[in-house]
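These notes are about the structure you will find just below.
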Amino acid sequence: MTYILRNGRVVDPANGRDAVLDVEVRDGVIARIGANLEAPAGATVLDVPAGCIVTPGLIDMHVHLREPGQEHKETVASGVAAAVAGGFTAVACMPNTSPVNDSAAVTRYIVDKAAAAGLARVYPIGAASVGSKGEQMAEIGELKAAGCVAVSDDGHPIRTALLMRRVLEYAGMLDVLVIDHCEDPTLKGDGVVHEGAVASELGLRGIPGEAEELWIERDITLAGLTKTPVHVAHLSTAGSLRAVRAGKARGIAVTCEVTPHHFVMTDEALRGYDTNTKMNPPLRPQADVDALVEGLADGSVDVIATDHAPHHADEKALSYDQAPFGITGLETAVPLTFDRLVHTGRIDLARMVELLSVNPARILKVPGGSLTEGAPADITVLAPDLAVTIRAASQKSLSKNMPFEGWTLKGGVAATIVGGRLVYRNPAVDGLEGWPTAPVQ
Amino acid sequence: MSGPTPVTALSGRHLLGISDLTPREITLVLDTADAMREVGERQIKKVPALRGRTIVNLFFEPSTRTRTSFEIAEKRLSADTLNLAVSTSSVVKGETLLDTVSNIEAMQPDMLVVRHASSGACEQLARHCRSRIVNAGDGLHEHPTQALLDAYTIRQHKGRLDGLQVAIVGDLLHSRVLRSNLLLLRKMGATVRVAAPRPLVPVGIEAMGAIPCRTIEEALEGADVVMMLRIQLERMQNNFFPSLREYFTLFGLTSERLALAKPDAIVMHPGPMNRGVEIASDVADGPRAVILEQVANGVAVRMAVLYLLGGSDE
């Protein structure tokens, strides 16, 4: 099947494009990009709504899909439905399922579920250690062969410096990325929120930002020792960013990601004890938020990732210190990024695409990140001026734990195309009426 | 010209924390407690103020003195009371806090007096419950009736709260009594100096209006009121300080140290006390200690709170 996305503003920083162009998709592949393309015989023409932007498909390199084992929170199918509704054509899912994804069997199970769902691409991330227990290295070669693109003990840091060294060396040998959840567990203790004046006032146990910073310094040092890249998951403090910048300046291959909730909310949101503000790392004070926004703008931060962490309503209905950490994020990332970073002038559209597509593809070494002729047609159509009111009830994720209910934001997703298939079409966007109803081949 | 309209009721439906109360409302509670105290001195210690009302004392965390104090207060106001010691194991079994309380609410109580080990539990319940909620201590957050009874006791002895120098010494980090007292005393115009081993000082305590001191001596200097906080013995295992012996050496209230305070300073403790850890026995039993008065005043203050919250129809 052939179709042309007509007259969209194509923002494709990897190819240096930012212009109103046509994109021809043939048999799931980007066939041609150019101005005023003549439609081949039999091709469908899909007019891109005025003001909408055609970008390489967005890639979320940090999500939790909960299957196998916690299907009451999310399944692979519901997770990828949320992903495409959020504009993501691909997601990388962390291994803290039950059982942990530390074997080819679990990896293949996830890959099969993703294939059956047939929406976003799913790249499993394997455990760095067996059971993510921080003791014995997982069979990283087998995990890679089964489809894992990275290893991490996310949910926990890779526990000892020696194991981290070995994982970096071994995974580096196999060209598998190592992602670490940076947090000194002893310094975290039984903390549940950022350690600071708000926590003290509310009587909630604190986690100092230094628990994260210490660990990042450790990982950067070990990345230098092993000459192997390390990726810092969900970086959240100004000190952490300073450490990453210093590492990069020393020539160490360190990359990092920041979540939307960390660049839009501060620990002031804890007032009221809404457990949907409980996440790990915790919400930080304004100075950290400002530093993260600066890092997103100046290139120090490589990626926006959601750390989409679905939890069932019953679990989030527990008291604050007993409720689990984590919020959903796949369906709010684009509106939050547009509203708080692009429309405020902190970053431009090309930078947004770098953070949400180009860099995650590059760091994970997966396809995508550009609209290159001959590449699979993974495309996101963004509606930068769309007024979006966040409503949990209308989200595709099985769990609804997020603190943005009722927020009205400017900017959203119009459509998502994976391998040439339209897998999501936003009914709220005018001008898509002539497009096929998603998902279609 | 007339003065400000007197406050005659609390503006909120619940008492979740001192942070909810204005200075005028605090004064109203203390003034009302004066009248309630008089009830306790009668031969027949009962008034019909809450007759026909049902109050459930819902304690998710063990407590003898606070629960007893509330129960006596409720009975003196003629409320029908029920004590429920809810094991936190119900939560472990998967029942949420809200489910537990919804079951109790189905029996139509008017008020719930709630103690819970988690900070914010009362606030979370208040968002969903029909009943009025009185916080009887939530985690490390607040213990408002304790602060009110402390304020009542201070006012009884000093005649005022405004302008007083109050020293609070002990485990500041884990103390809901500290938080509520700090909020209340600052709202009422007192100065609060605090002292503790550094690991037991909450980060940002200055933002709550406290003046942190490096030593107990610095905190006690010229104080009108000395409030000691309990040290939980298990804190020692967590390396907050090296030993109880050293704690007493550095931060224990002895009569020598008490001499740094004003000659008429009073000594308070929310109890239960660890003699020889945070306070020397001779000080605890000495003429300046008002510790048992605090307990006695607790009933009157809790009667005042329950009356002001539950004594009128919505």
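Let's see if you can work this out: charge +1 on each Lys and Arg Cβ, -1 on each Asp and Glu Cβ, no other charges. What is the dipole magnitude of region B:124-175 about its Cα centre, in debye to the nearest 20?
Charge dipole, region B:124-175, about its Cα centre: 300 debye, nearest 20.
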Separation in nanometres of the label points that stand 7 Å from Cα toward Cβ, at residue B:264 and residue A:19: 8.8 nm
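When DSSP assigns beta bridges and you keep just the ones with both residues in chain B, what percent turn out antiparallel, to the nearest 5?
Of those bridges, close to 5 percent are antiparallel.
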Table column - 3J(HN,Hα) (Hz), region A:247-262, Karplus curve with 6.51, -1.76, 1.60, x for Gly and Pro: x, 4, 5, 7, x, 7, 7, 10, 10, 8, 10, 10, 8, x, 5, 6
For residue A:129, distant residues with modelled amide H under 5 Å away: A:134, A:138
Tensor-based shape of region B:240-279 (alpha-carbon gyration tensor, a/c under 1.5 rounded, otherwise prolate or oblate): oblate
Per residue convex hull volume, Cα atoms of chain B, in Å³: 145 Å³
Translational diffusion coefficient (Stokes-Einstein; Kirkwood radius from C-alpha pairs) of region A:1-143 at 25 °C, 0.890 mPa s, in µm²/s: 142 µm²/s
0 to 90° range, to nearest 10: angle between helix B:144-158 axis and chain B longest Cα axis: 60 degrees
Peptide A:311-320, shielding by other chains (average Cβ, 10 Å cutoff): 5
Average other protein chain Cβ within 10 Å of Cβ, residues A:196-209: 6
Nitroxide proxy distance, nm - points 7 Å out along Cα→Cβ at residue A:410 and residue A:373: 3.7 nm
Burial ranking of peptide ranges A:348-354, B:110-116, A:33-39, B:275-281 (average Cβ count within 10 Å, highest at the top): B:110-116, A:348-354, B:275-281, A:33-39
Selection from A:276, A:266, A:222 lying farthest towards where the dipole of region A:200-306 points positive, charges on Cβ: A:222
Most to least packed among B:147-155, A:421-429 [average Cβ atoms within 10 Å]: B:147-155, A:421-429
Percent RCO, i.e. relative contact order, over chain B, from Cα pairs under 8 Å lying at least 6 residues apart: 20 percent
Summed residue charge, Cβ within 11 Å of residue A:306's Cβ, Lys/Arg positive, Asp/Glu negative: -4
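Let's see if you can work this out: charge +1 on each Lys and Arg Cβ, -1 on each Asp and Glu Cβ, no other charges. What is the dipole magnitude of the protein assembly as shown about its Cα centre, in debye to the nearest 20?
Here the size comes out at about 1120 debye.
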Zone of residue B:63's modelled label, taken as backbone nitrogen in region B:269-296 under 20 Å from a point 7 Å along Cα→Cβ: B:269-274, B:291-296
Using a Förster distance of 25 Å, the FRET efficiency for residue A:160-residue A:268 (Cβ separation, nearest 0.05): 0.10
Extreme residue, positive dipole direction of chain A, given options A:235, A:95, A:57 (C-beta unit charges): A:57
Residue-averaged beta-carbon neighbours from other chains (10 angstrom radius) around B:121-129: 3
Cβ-placed point charges (K, R +1; D, E -1), dipole of region A:313-419 about Cα centre in debye, nearest 20: 100 debye
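Read-outs throughout are calculated quantities, based only on the coordinates presented, and are distinct from any laboratory measurement. For clarity, every value in this text was computed on a predicted model and none was experimentally measured. No Cβ is skipped: glycine too gets one built from the backbone with ideal geometry, and neighbour counts run over all protein chains shown.
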